[in-house]
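Taking it in order: structure first as structure tokens, then the write-up.
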Amino acid sequence: MLGVLRWLSLSVAVLALASCGGGSKSSSGSSSLPHGTTPSKLDPSKFTTEIDSELEDGEAQRVDVTVSDKTKVLGGVTARVVHDQVTRKGEVVEDTYDWYAQDSDGNIWYLGEDTKEYENGKLKTTEGSWAYGVDDAQPGVVVPADPKQGMRYREEYYAGHAEDAADVLKVGSQVQVPYGRFKDAVLTRNFSSLEPTVEEMKLYARGVGPVMELLVSGGSGRTELLSFER
């Protein structure tokens, strides 16, 4: 599935994922999801790039997320390339290519990213870039196939650079954003061992992906979905 998502952010820091929420695949328990630093051995034959498992300093930022028709092979797994670009007043402040794939159970895996941050039009850093199979970096899951309250899972792991994880707080949540109103959204708590004072809440809608993000610790901010085009 190809698509474009546009977000409006009024946050200190912006993070917009481009997964396409849960679908009707077979269920998979929390025990099969990645945890901590435990290495993951992915079976390429069980993955697909057809992902259908059904947002500074008070200034507004725009995030455009495009699910492309390009693919990239990481650790033997063919992943979908997703372009994520953050702009402020028309100037690019972050430009990222993320890599996602869906396994045969319907879990959406995050296999890495090539990210660049800019300041005054010049490259500032590529910190946070990583790839599954390179320098012991491990993949994670961004959307479980069958999310249940209390689930915890790793989203990414590259020691000292990317160590995000999430808890499922609630399923069946309601949320309203400029794009529309959603029922049965999944509410998650997102955190990183690298930034213990930072915490986000995210709401994922089936068939769309993340529709709202709230920075609730380590700053304040809100990111909302403005539009979604297939």
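Keeping to the range 44-93, report how many residues are at pLDDT 90 or above, open to solvent by less than 60 Å² (accessible area, probe 1.4 Å), within 18 Å of E213 (Cα to Cα) and in contact with a Ser or Thr (Cβ under 7 Å, 6 or more places away or on another chain).
3
How many residues are open to solvent by less than 60 Å² (accessible area, probe 1.4 Å), in contact with a His (Cβ under 9 Å, 6 or more places away or on another chain) and not in a strand (DSSP E or B) when one looks only at the range 155-197?
0
Could you check the range 102-154 and list, in sequence order, the residues that are open to solvent by less than 70 Å² (accessible area, probe 1.4 Å), part of a loop (DSSP other than H, G, I, E, B) and closer than 21 Å to A205 by Cβ?
D105, G106, N107, P144, A145, D146, P147, G150, M151 - these are the residues of the range 102-154 that are open to solvent by less than 70 Å² (accessible area, probe 1.4 Å), part of a loop (DSSP other than H, G, I, E, B) and closer than 21 Å to A205 by Cβ.
Could you list, in sequence order, all residues of the range 198-223 that are under 18 Å from E59 (Cα atoms) and outside any strand (DSSP E or B)?
Correct list: G218, G219, S220.
So L226 ticks every box in (1) assigned to a strand (DSSP E or B); (2) at pLDDT 95 or above but one. Which box is left unticked?
(2)
Within the range 140-181, track down each residue that is in contact with a Leu (Cβ under 7 Å, 6 or more places away or on another chain) and of a type in the set (K, R).
K170
Among the numbered criteria (1) of a type in the set (K, R); (2) in contact with a strand residue (DSSP E or B) (Cβ under 8 Å, 6 or more places away or on another chain); (3) farther than 27 Å from E50 by Cα, which one does R189 miss?
(3)
So which residues in the range 198-222 are charged (D, E, K, R) and either modelled with pLDDT of 95 or more or crowded, with 18+ Cβ neighbours inside 10 Å (or both)?
Residues satisfying the conditions are E199, E200, K202, R206, E213.
The values are calculated or read from the model by the stated rules, or taken from the named source; none is laboratory data. Bear in mind that the values here come from a model prediction, so they are computed numbers and not experimental data. FYI the Cβ positions are ideal-geometry reconstructions off the backbone, even for glycines, and counts take in every protein chain you see. Side chains are part of the model used for accessible areas, which takes the heavy atoms of the whole protein and leaves out ligands, DNA and RNA. Shrake-Rupley method; radii C 1.70, N 1.55, O 1.52, S 1.80 Å.
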